[in-house]
Amino acid sequence: MKGSMKKKFLLLLCVGMMLTGCADQKPGKQEEPEVYSLDLGGQVQEKETGENQASTVVGAVQTEEDAAQQKQSEEDIFKEDTSEEDSFKEGAQQEAPERVSDGGSTSDNKNAQDLYTQFLNNEVSVTVGGAYSQNEYRANNLERGRAYTFAELGQYVNQSYFNPEYDEKTTYDYAQYTYVGCPDSDSRNLLVKFVGLDIYSPGDDSFVFYVVTQSNGQLYLTDEYECWARSLAEPYRNGLCSTYGSNGAEDHYSGMLAILSNGIETSIYDTEIVSGWCVRYVDETIYHEFFDENADVPLVVSIYSVGEEKYYLYDLSQCTDEQKTLCEAYIDRCRDEAGINWVTDKQLQDAICERCSAIGVAYDMLEQKGMVEWHQI
């Protein structure tokens, strides 16, 4: 009986406690228990629950959207910057002049260099230009419009300078090449030299060199220079070329020419220097009025051809006083009666400067030539 009463008492106590708890609970928002967890670093962290957790999720979603928008915005800016850069590049390419014919740009220079190398390696041919000079004294000339490989050009040299029926020697000794600039542009031409041609005498180291240029991806043979005891052409790194020669003891010539970007030579000036009886070339009629046929005339005259004009300089340094008087009278007669244009060196240099300007060559290049370096093939 007592045990039964005890159980009833305990049951009533539990029910009362439950009713008391429900009465204390406020309607509406319910507080959720705080839950804790242990992170990997060993620190206790409070886990968000209920609305706090929902708020965190919403904030996270908003953060991801903001990040996506920021990323998209950055991508748009990058694209705009890239398009502006591409537009600038395209504009620069359109504005840059295309100098295909003279290889003025860096890429064209590289293309020309590749073609030159291929020619030297006997991989591509060179076509003889339409303005290539034809020499009447030769039995055969390079045929205009015909293509030659390097080996075929060498065969042509052998056939032109050696005769197997009469000569023990039948081939040139060796070949060389060098590159020269173009005085009218920033492109380059190729020079190919064949040495040991015995033009004047056996073993005279005479040679011929050819000018090769490129235009529109094609190589052209444009000129040649035959060099031996009485005729010499000396090319320079900047594309200028000095010429020297002799028609005899008292008649010598020299000159300066430019090998332009089209491979064609253009004269800057030519000079004939005469002395002794060759002074009669100035004006033969007046000469015979002053000097005997066999007279030793100490006057030296330099005759310059600059463009279409001729300029004359005289040198009296080897004359005695008596000879100077006679030579000065001859000079005056030539000026007054034959119209000889005697000038000072200053006047001559002014004329040469004008000639350089007319053909697109800087005048100071005449003093900045520099010797070329030949390479064995």
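The values are calculated or read from the model by the stated rules, or taken from the named source; none is laboratory data. Fair warning: this is a prediction, and the values are worked out from it, not measured in the lab. Virtual Cβ from ideal backbone geometry, glycine too; neighbours counted across all protein chains shown. To get the accessible areas, we keep the full protein, side chains included, count just its heavy atoms, and leave off ligands, DNA and RNA. Shrake-Rupley method; radii C 1.70, N 1.55, O 1.52, S 1.80 Å.
Rolling a 1.4 Å sphere over the protein heavy atoms, what is the accessible area per residue of region 124-184, to the nearest Å²?
Accessible area per residue: 56 Å².
With the full set of protein chains in place, find how many percent of the accessible area of region 256-376 is carbon and sulfur; take the probe as 1.4 Å. Display every interim value, and only then the final one.
Values: 2920 of 6690 Å².
Carbon and sulfur: 44 percent of the exposed surface of region 256-376.
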Quick calc: nm separation of the 7 Å Cα→Cβ label points for Asp332 and Tyr166 -> 5.5 nm
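Region 138-230: Rg/Rh from Cα coordinates, Kirkwood Rh?
Working: Rg = 14.4 Å, Rh = 14.4 Å.
Reported Rg/Rh (Cα atoms, Kirkwood Rh): 1.00.
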Counting only protein heavy atoms with a 1.4 Å probe and every protein chain in place, the carbon and sulfur fraction of the accessible surface of region 201-254 in whole percent equals 48 percent
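Longer than 30 Å from Cα to Cα, which of Lys324/Lys346; Lys193/Lys346; Lys110/Lys310; Lys110/Lys346; Lys193/Lys310; Lys110/Lys193 are they? Say none if no pair is. Mind showing how you got there, number by number?
On the way: Lys324/Lys346 23 Å; Lys193/Lys346 37 Å; Lys110/Lys310 41 Å; Lys110/Lys346 42 Å; Lys193/Lys310 33 Å; Lys110/Lys193 22 Å.
Table pairs above 30 Å Cα-Cα are Lys193/Lys346; Lys110/Lys310; Lys110/Lys346; Lys193/Lys310.
Can you order the peptides 181-188, 304-311 by their average number of other Cβ atoms within 10 Å per residue, highest first?
Values: 181-188: 19.9, 304-311: 15.2.
Packing proxy ranking, top to bottom: 181-188, 304-311.
Using 0.36 nm per residue, how much length does the chain from Thr325 to Asn122 gain when fully extended, once their Cα-Cα distance is taken away?
Details: separation 203, 0.36 × 203 = 73.08 nm, distance 6.41 nm.
Contour length minus Cα-Cα distance gives 66.7 nm.
Between Asp296 and Tyr200, take the C-beta separation as r, use R0 = 35 Å, and let me know the FRET efficiency to the nearest 0.05.
Details: r = 29 Å, r/R0 = 0.82.
After rounding to 0.05, the efficiency reads 0.75.
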Over region 199-323, with neighbouring protein chains present, the accessible area per residue in Å² at probe 1.4 Å is 47 Å²
Subtracting the Cα-Cα distance of Ser133 and Thr149 from 0.36 nm times their residue separation yields 3.8 nm
